[in-house]
Every structure is written in structure tokens, then in C-alpha cells.
Amino acid sequence: MDDMNILRMQDQHPADIAEQLEQLDQKSRNLSFLLLTSEKKSEVFPYFELDVQQDIVRSLSDKELADVLNNLNPDDRTSLLEDFPDDLIKEVVNLLDDEERELALNLIGYPKDCIARLMTPNYVQARPHWTVKQVLDHIKKHGRKAETLTYIYIVDEHNKLIDDLKIGQLLMADSSTPISELMDYTCVSIQTTTPMEEGFTIFDKYDRSSLPIVTEHGTLVGIVTFDDIFDRMKERDTEDIQKFGGVEGLDLSYTNTPWIELVRKRAGWLVILFIGEMFTASAMGYFDEEIEKAVVLALFVPLIISSGGNSGSQAASLIIRAMALQELKLKDWWYVMRKEIFSGLTLGLILGAIGFLRIFIWQKAHIYDYGIYWFAIGMTVAVSLIFIVLWGTLSGSLIPFILRKIKLDPATASAPFVATLVDVTGLVIYFSIAAVFLAGKLL
């Protein structure tokens, strides 16, 4: 990319610049990045994919890298360091100036899943005895580095958060008005150690663009903005969807993940599920005598087990999503069980009626002859569907609760896992019911 194109590019949004540079070959991309201004480098860098960031870090000189990293927003830098290999983290942290190094190490020191990992210390704070004019002058002097100017945070002499004010309140007030007269002392804040999931809920509840982060003693240490929350929620939802499909969460986007890594992430679950399906074959083998005596039973095996697996996958997806949205807690398992019993029975009756009607119509229309015991076969299929759909619904809805109870991610209750479980047990239910209805007839 020539110098003229680089100059024209400088005025574009950082995300657009990063997208254009990522389409170049490695050498051209790194060279073009170096030609950007110092400020633009720091703005563009967070928009690169992780593998591109790491490649650029390795291509920069110590001085160039220090310049980029010292000017990055602290929350972007923390997110970057989280995913870097240990050797690069050490190299990067040592290049930061004293103030930024201490800041980076403090942020990295918080537990990985707590809201403080997303915070930035770049905000504007003021004292309650200041006038509106003093605050506005303070903003003009120090506001350039602030992540957002939507809210101004009011603290006491010990830096404890008292309140926050919208910038619009200041702009509409008389310049001589003390800040204390505008305060209502109803500030919403999040503690540093609050899990991110709870933080997402708080953002959603209060519909805020940013929220202050305080210690357990109420000391203001940073803010979290909605763009950082949104990015992390997108990562979480993507990982949950991948897990629910029976795939380990991908570290990079699909297009940037090498095929061997895709195989590794998918092979584990496929092997587990394949072994699980072997039990399905074992169950079929256990009932081989019944199948030999009543071959017609085998015709409905795919119908029976797929209905159970589908109902289980449906229930699991609904419960996992409700858990992610904080609609359901562990204590709600009995409520869910009661609700799913009625849902499972109703769905089972619907499918059972359709299954019986299919056999009835095919028999009467002479499409297929099920023999003189067609009614007993129809009842076997109908009753089996009722119980198998009920079992699948209960399994899919309760497995996420069990996983959460033992401190595992409920999303691990993947659709293939639930379907495989119900496949095996569904066969046992089907042939057990067949033994009741067809005893002394076909069996």
C-alpha cells in the first residue's frame, strides 16, 4: 500500500482501517501499520484479530511497541494481555512505563471472570463542593483521555463514590451552582469482584452506557462501558452456542481457526457421543429376540428415538438460555420440573396421537399391512412416544441444573449429548412398553 493510500486511510474509522490492513499480505500489512500515526496505531490495534495482533507485536521494535501499548486504553490492553502467550505478556509488560505497567498488572491481577477485568481508569471525577464551572473546566483539562463523558463521578476526599451526574445536568445548570445541589445520592455501582454474568444483568437492568466500579469499601477504581460489556457478551454467547452444538469453544473466529484446531475442538465430543451411541447398538442387541419376533417394531425405532432426542434438545436450549439471562436460578429446578412434566406429557400426547393415526391410516388404506395386531402396535408406538418425549423433556431441562450444581457450564449440556442420552434410554422404554402391549401376540 503506497504512502498516498495510507494518508487517505488515516481519516477513516479505526475498524475500517484494521479491516483493510488485514486483507494485505503479512509484510505489507505490518509495513502499512507502521506508517500510521502514533495515535492512529493505538486506535486501530484493538480491532485486529488476535493472531494479527501477536504477529504485529513481534514485528515492531521495542520503542514502537511501547508507544502503541502505552497509548492503548487499559481495558483494551488487559483484554489483549489475557490472550497473549506468557513470553509475550512478560515482554509487553516490561515495555510499559511505570504508571501503565502498574495499572496493567493490577487489572490482570483480578479474577478472570470478574467485572474489574473490563474496567478502565480513564474517567472524569469531581468533588461535591465544586461548582458547575469548576467541573466543566476540569473536563476541558482532563477529559480528552476519558473513555466516556456521559457521566461525571462524584467522590469524597477518600475517593469514595457518592453519586454520578449526567453531563447534560451540568450543561443545563447555572455555572455557579455547587455540584452537591444537583446530586440525588442514587448512584448505581458494581463491586470489583462481581462476576461478569452479574455485571451484565446489572447493565441490562439499569439500561446504562457506563457504570462505576468500586471496591467493597466503596472506593471508585474505574468504570465499565457498554461497548466492553457487549463485546464480552458476544464472546460468551458464541462460546455457549459452540458448546451446545457439541464443540469446544473456539479461541479465534471460525475463519482464522486452522483446520487441525477445528478437528481437535470437535473430535473430543464426537468420540464421547460415538461411544454413547454404541450403547444404543447394545440396547438394540439386547432386544434382538423381540425384533426377530416382531420385525415391525424396528420400523419405528428411528421415529421413537429421534422424537425423544428432539424434545430433550428443545428443553435444554430453552433452559440454558433462561439461565444465561438470569431468568432461572438453581433453586428454580422444582418449578421447571413441574412445568416440563405438563409440557412433556402434552407434547407426547400430540406426537403419540399422530403416530397412532399414521398406523391406523396406513392399515385401513392398505398402504402397509401391520397384521391382525395392528391396534396393539399402534398403542405401543403411541404410548412409547408419550413416555419417551416426557423423559426427553425432563432430561433436557434438568441436566443444565445438575451441571450448574456441580460448578460446570450448563452450556455443556449440548444438544448431541442430550439426544444421545435419550436415544439409549428411549430404546429401553420402547421395547419395555412393546413387551406389555404385544405379550402373547407377537412377543
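The values are calculated or read from the model by the stated rules, or taken from the named source; none is laboratory data. What you see is a predicted model, and the numbers here were worked out from it, not measured in a lab. Positions of Cβ are generated from backbone atoms using ideal geometry, with glycine treated the same way; all protein chains shown enter the neighbour counts.
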Practice prompt. Kindly provide the set of residues from region 18-61 that are touching a residue at least 24 places away in the same chain (Cβ under 8 Å) and in contact with a Ser or Thr (Cβ under 8 Å, 6 or more places away or on another chain), ordered by number.
Written response: Leu21, Asn30, Pro46, Glu49
Worksheet item: Does Glu82 meet the test of being modelled with pLDDT of 80 or more and over 12 Å from Leu21 (Cβ atoms)?
Response: no
Worksheet item: Are any residues in region 173-196 within 17 Å of His138 (Cα to Cα), among the hydrophobic types (A, V, I, L, M, F, W, C) and part of a helix (DSSP H, G or I), and if so, which ones?
Response: Ile179
Item to complete: Would you check if Ala315 is touching a residue at least 40 places away in the same chain (Cβ under 8 Å) and surrounded by fewer than 22 Cβ atoms within 10 Å (Cβ to Cβ)?
Response: no
Item to complete: State the number of residues belonging to region 42-56 that are over 11 Å from Ala18 (Cβ atoms) and buried (at least 19 other Cβ atoms within 10 Å of the Cβ).
Response: 1
Item to complete: Name the one entry in Ala353, Ala365 that is surrounded by fewer than 16 Cβ atoms within 10 Å (Cβ to Cβ) and at pLDDT below 90.
Response: Ala365
Practice prompt. Mind telling me which of the residues Val188, Val155 ends up being within 13 Å of Ile213 (Cα to Cα), loosely packed, with under 14 Cβ neighbours inside 10 Å and either touching a residue at least 40 places away in the same chain (Cβ under 8 Å) or among the aliphatic types (A, V, I, L, M) (or both)?
Written response: Val188
Worksheet item: In region 303-312, which residue that is buried (at least 19 other Cβ atoms within 10 Å of the Cβ) and touching an Asp or Glu at 6+ places or on another chain (Cβ under 9 Å) is farthest from Ile359 (Cα to Cα)?
Response: Gly309
Discussion item. Given the condition assigned by TED's automatic domain parsing to the domain that holds Arg321, polar (S, T, N, Q) and surrounded by fewer than 20 Cβ atoms within 10 Å (Cβ to Cβ), answer yes or no: does some residue in region 393-402 qualify?
Written reply: no
Item to complete: Quick one: which residue in Leu161, Leu165 is of a type outside the set (D, E, K, R) and more than 17 Å from Gly218 (Cβ to Cβ)?
Response: Leu165
Worksheet item: For the subset of region 128-145 comprising residues that are in contact with a strand residue (DSSP E or B) (Cβ under 9 Å, 6 or more places away or on another chain) and either free of Cβ contacts under 8 Å to residues at least 24 places away in the same chain or outside any strand (DSSP E or B) (or both), which member is surrounded by the most Cβ atoms within 10 Å (Cβ to Cβ)?
Response: Val135
Discussion item. Would you confirm, using the coordinates I've provided, whether Leu318 is modelled with pLDDT of 65 or more and under 23 Å from the mean Cα position of the chain (by Cα)?
Written reply: yes
Worksheet item: Consider Ser189 against the criteria (1) out of contact with any strand residue (DSSP E or B) (no Cβ under 9 Å at 6 or more places or on another chain); (2) modelled with pLDDT of 90 or more: it satisfies all of them except one. Which criterion is unmet?
Response: (1)
Discussion item. Show the residue pairs meeting these rules: Cβ distance below 9 Å; 6+ apart or different chains; first residue within region 217-228 and free of Cβ contacts under 8 Å to residues at least 24 places away in the same chain; second residue assigned to a strand (DSSP E or B) and surrounded by 16 or more Cβ atoms within 10 Å (Cβ to Cβ).
Written reply: Phe226/Ser210; Phe226/Leu211
Practice prompt. Filter region 168-178 for residues that are of a type in the set (A, V, I, L, M) and either under 26 Å from Gly218 (Cα atoms) or in contact with a Gly (Cβ under 9 Å, 6 or more places away or on another chain) (or both) and give the result.
Written response: Leu170
Fill in: The listed residue being modelled with pLDDT of 80 or more, aromatic (Phe, Trp, Tyr) and buried (at least 22 other Cβ atoms within 10 Å of the Cβ), out of Phe417, Phe431
Phe431
